[in-house]
Amino acid sequence: MTASQNTNAPAPVEEVGLTIDGVEVSVPKGTLIIRAAEQAGIHIPRFCDHPLLAPAGACRQCLVDVAMPDREGNLRAMPKPQTSCTMTASPGMVVNTQHTSAVADKAQHGMIEFLLVNHPLDCPVCDKGGECPLQNQAMSNGNATSRYADVKRTFPKPIKISTQILLDRDRCILCQRCTRFQDEIAGDPFIALQGRGGGAPGQEVHTLHAQQIGTFDEAILDIAPLEGAHTDPAHTSEVVGPEGMGGITAGMIQTVGSAEVDSTGRPFASYFSGNTIQICPVGALTSATYRFRSRPFDLVSVDSIAEHDGCGSAIRIDHRRGTVMRRLSGDDPGVNEEWITDKDRFAFTWQAGPDVLTTPLVRNEETGELEATSWSEAIHLAARGLRGATDRGVGLLPGGRLTLEESYAWSKFARVAFDTNDIDFRSRAHSAEEAAFLGHHVAGSSMEVTFSDIERAGHVLLVGLEPEEEAGTIFLRLRKGMLAGTVSVSTIAPFATRGSTKLRARVLTTGPGGEAAALASLTSPADAGAAGAAGDTAQVAEALRADGAVILVGERLALSPGGYTAALALARATGARLAWVPRRAGDRGAVEAGLLPTLLPGGGPSPTRRRASTSPPPGRCPSSPSARAATPSRSSRPPAPATWEDSWSADSTWPTCPIPPPPSGRSRTPASWSSSRCDAPRSAPTRTSCSPSPPRPRSPAPSSTGRDAPGRSVRSSPRACAATPA
Ligand code: SF4
Ligand code: FES
């Protein structure tokens, strides 16, 4: 017997041993000295270094003394201090930081002094004061006094480089974190380091004033003007530069209104631009909404999750005396790393707006005006109105922005108070096919595709999904993987969007609604022609057959009849993993909580999956988490049904538990709602039993288009399961 080779085993990592401040450290080959020092618990001051950006060596603050063995093994000190953020560790290297080397310490003091030569030292009025790396390191690694006695460089300020971001150039230390983020991470390089070398091309002015961060300037960067853009300075702003000369960049004093545009008419436009504020190590980039509003030490910070998309990005909310002052990105390496979208960062001021309702309003029947009232009065009136409408039928549209607990409460409210399944979180374009897909593939399933998986998937196919618009974290992960060469992207879309261009995605050009046909052609590449060039289709189909490939589907696929069925078929044919990307933060929780006509809380596993666990352990409801845990893993389950109709027509084997008939004269309320009977061990710790119920009434068939027919009821019987005490 021959041992099989595990091709998925990670390649062994070569370790490198070095000494930092007398501490022996072993790190993977290629590790930067500054990271190796962090592992040894030694802090080296830095400004331009950022673990998620490529090394730049721009600020020179991280200088250390380095010695390395020569060919004979003799230790040779390098003649000058080296930047620890750009130099990788090598075997036998000896590093002395500011803690053990007078040379390194003096070099760092000198760099701080240089960086502060033109810095305004306006910490008392700077937003960054109190949380500023420059302020902190000037105290820890700088001189107490400055020897610089001349006039400092000043600029008109601030430049409004977007509607939300202001740039004070005199505070900038030219670390290039902002420009590198926009270039490397977001793919929107709308700001750049300009005037390098002391002046602009074609100009004779060479002064220390020239080098600065600014928006694009075609005179400097030699880029073609934007078609139809205003290039007349009168339409942009007064053009000012060092010593009053033009052509470097525009300066605006105004801090409100539309975004500043550069001399080509391009605005500083990026969905991720706010991250530059957070990573700027000084107060050069500030938020227009937070500017001069608060001091860091007045704020109370709370960790939270962003609510504007379904990614679950970690954020930090800073509030003062009950008012949110700003939101920052949290640090979650498994999800958003350290980046969030501008929407997550800036779209919160509505919470403290004067028009936010703080008390219920009831319309005065005589005057027709809305009037404030108490909660008890409002609830009483709402209950009365709903009771009056019950005979005509009540439907509930709670939306997809609820917490899981709220979704559960809505789900229970619909079934208990109105005895109806007419509840749906999808207040948007949707289809019955989508509901079936969510019940079959999403509800009750664990997360099979993580953000890290996406980054290293090999190939990702996007269908009905525009990640830059709908799921910023996924977009950044895809772009990171694309630049690293660990993932390629293809998209089924009508045209190449700005986002897909930045992902260098292969576009399988498909008209709106034609996604199902495009997916079918990928399943059978021989029939290609419905989507893009046949060669592209065959290559994408081949890429999806490789290990780790992922298909990401968005909610817009509901607009293409047969789309979800085709996506399932493609996943089954290629072995690619299939993941649904919801657009709202509460969408996934709504599926789990039963905010669909065809699902109840706990998820609605398809009959195919239920067949694998027709005999739940005594005392457990098949839909309870503990019972689901007893079902086979997804990889060992039978394949998904060929069509979505198959998944919903096998009612004869549905292993639901009988719901005890309600006492006569009482409403038909499922027992599980009122007594938590699904949690049998808690409510009845002695003897419990759970037996399959008679077939569940068949779910209503969808229209031939796969969409809900207008006005048609989508009622179906509740299929709550209660483990009945014997
Ligand atoms: S604006 Fe801030 S992040 Fe950008 S180069 Fe200047 S100091 Fe660095
Ligand atoms: S942190 Fe090393 S050069 Fe800036």
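Test of understanding: among Arg387, Arg401, Arg415, which residue is in contact with an Asp or Glu (Cβ under 8 Å, 6 or more places away or on another chain), among the charged types (D, E, K, R) and surrounded by 12 or more Cβ atoms within 10 Å (Cβ to Cβ)?
Arg401
Kindly provide the set of residues from the stretch 310-325 that are outside any loop (DSSP other than H, G, I, E, B) and under 30 Å from Met447 (Cβ atoms), ordered by number. Quick ask: steps written out before the conclusion?
First pass over the stretch 310-325, keeping only residues outside any loop (DSSP other than H, G, I, E, B): 314-320, 323-325.
Passing the criteria: Ala314, Ile315, Arg316, Ile317, Asp318, Val324.
Confirm whether Glu131 is surrounded by fewer than 17 Cβ atoms within 10 Å (Cβ to Cβ), away from ligand 2 (no atom under 15 Å from the Cβ) and not in a loop (DSSP other than H, G, I, E, B). Walk me through how you get there before you give the answer.
Details: surrounded by fewer than 17 Cβ atoms within 10 Å (Cβ to Cβ): yes; away from ligand 2 (no atom under 15 Å from the Cβ): yes; not in a loop (DSSP other than H, G, I, E, B): no.
So Glu131 does not fit the description; no.
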Check: Which of (1) under 30 Å from Pro512 (Cβ atoms); (2) part of a loop (DSSP other than H, G, I, E, B) is the odd one out, the single condition Ala435 does not satisfy?
Finding: (2)
Note to self: Report every pair of residues separated by at least 6 positions or lying on different chains whose Cβ atoms are under 7 Å apart, first residue within the stretch 155-180 and under 25 Å from Gly57 (Cα atoms) and aliphatic (A, V, I, L, M), second within 14 Å of ligand 2 (Cβ to nearest atom) and in a helix (DSSP H, G or I).
What the structure shows: Ile173/Leu115; Ile173/Leu134
Note to self: So, Thr491, is that one of a type in the set (S, T, N, Q) and at pLDDT below 95 or not?
What the structure shows: no
Next item on the list: Give the residues of the stretch 268-306 that are assigned to a loop (DSSP other than H, G, I, E, B) and within 16 Å of ligand 2 (Cβ to nearest atom), sorted by residue number.
Entry: Cys280, Pro281, Val282, Ala284
Item checked: Top-ranked residue of the stretch 280-311 - restricted to ones that are of a type in the set (Val, Ile, Thr) and within 16 Å of ligand 1 (Cβ to nearest atom), ranked as modelled with the highest pLDDT -> Val282
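Pick out the one residue from Leu595, Leu578 that is touching a residue at least 12 places away in the same chain (Cβ under 8 Å) and surrounded by 24 or more Cβ atoms within 10 Å (Cβ to Cβ). Break it down into steps so the answer makes sense when it comes.
Details: Leu578 fails: surrounded by 24 or more Cβ atoms within 10 Å (Cβ to Cβ).
Only one candidate passes the filter, namely Leu595.
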Next item on the list: Could you tell me which numbered condition Val94 fails, if it satisfies all but one of (1) within 14 Å of ligand 2 (Cβ to nearest atom); (2) in contact with a strand residue (DSSP E or B) (Cβ under 8 Å, 6 or more places away or on another chain)?
Entry: (1)
Next item on the list: Inspect the stretch 63-76 for any residue being polar (S, T, N, Q) and in contact with a helix residue (DSSP H, G or I) (Cβ under 9 Å, 6 or more places away or on another chain) and give the result as yes or no.
Entry: no
Check: Has the stretch 162-174 got any residue that is within 16 Å of ligand 2 (Cβ to nearest atom) and touching a Leu at 6+ places or on another chain (Cβ under 6 Å)?
Finding: yes
Notebook entry, point to check: Since Phe348 meets every condition but one in (1) without any contact (Cβ under 8 Å) to a residue 40 or more places away in the chain; (2) loosely packed, with under 15 Cβ neighbours inside 10 Å; (3) closer than 30 Å to Arg426 by Cβ, which condition does it not meet?
Noted result: (2)
Check: Only one residue in Leu52, Leu75, Leu63 is away from ligand 2 (no atom under 16 Å from the Cβ) and of a type outside the set (Asp, Glu). Which one?
Finding: Leu75
Next item on the list: Quick one: Thr289 ticks every box in (1) farther than 20 Å from Arg401 by Cβ; (2) touching a Leu at 6+ places or on another chain (Cβ under 8 Å) except a single one, so which number is it?
Entry: (2)
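Please count how many residues of the stretch 472-512 are in a loop (DSSP other than H, G, I, E, B) and surrounded by fewer than 24 Cβ atoms within 10 Å (Cβ to Cβ).
To start, the set of residues in the stretch 472-512 that are in a loop (DSSP other than H, G, I, E, B) comprises 485-486, 494-497, 503-505, 510-512.
Those left that are additionally surrounded by fewer than 24 Cβ atoms within 10 Å (Cβ to Cβ): 485-486, 494-497, 504-505, 510-512.
Summing the residues that are in a loop (DSSP other than H, G, I, E, B) and surrounded by fewer than 24 Cβ atoms within 10 Å (Cβ to Cβ) in the stretch 472-512 gives 11.
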Next item on the list: Scan the stretch 23-40 residue by residue and report those that are farther than 16 Å from Leu52 by Cβ and of a type in the set (Lys, Arg).
Entry: Lys29
Notebook entry, point to check: Quick check: is even one residue across the stretch 346-363 more than 20 Å from His308 (Cα to Cα) and more than 39 Å from the chain's Cα centre (by Cα)?
Noted result: yes
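Check Glu184, Glu131 and return the single one that is modelled with pLDDT of 90 or more and over 27 Å from Arg293 (Cα atoms).
On the way: Glu131 fails: over 27 Å from Arg293 (Cα atoms).
Selected residue: Glu184, the only one of Glu184, Glu131 that is modelled with pLDDT of 90 or more and over 27 Å from Arg293 (Cα atoms).
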Notebook entry, point to check: Which one of the conditions (1) in contact with a Gly (Cβ under 7 Å, 6 or more places away or on another chain); (2) at pLDDT below 95 does Ala314 fail to meet, given that it meets all the rest?
Noted result: (2)
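The values are calculated or read from the model by the stated rules, or taken from the named source; none is laboratory data. Values in this document were obtained by computation on a predicted structure and should not be read as measured data. Counting neighbours? That spans all protein chains shown, and the Cβs are built from the backbone with ideal geometry, glycine included.
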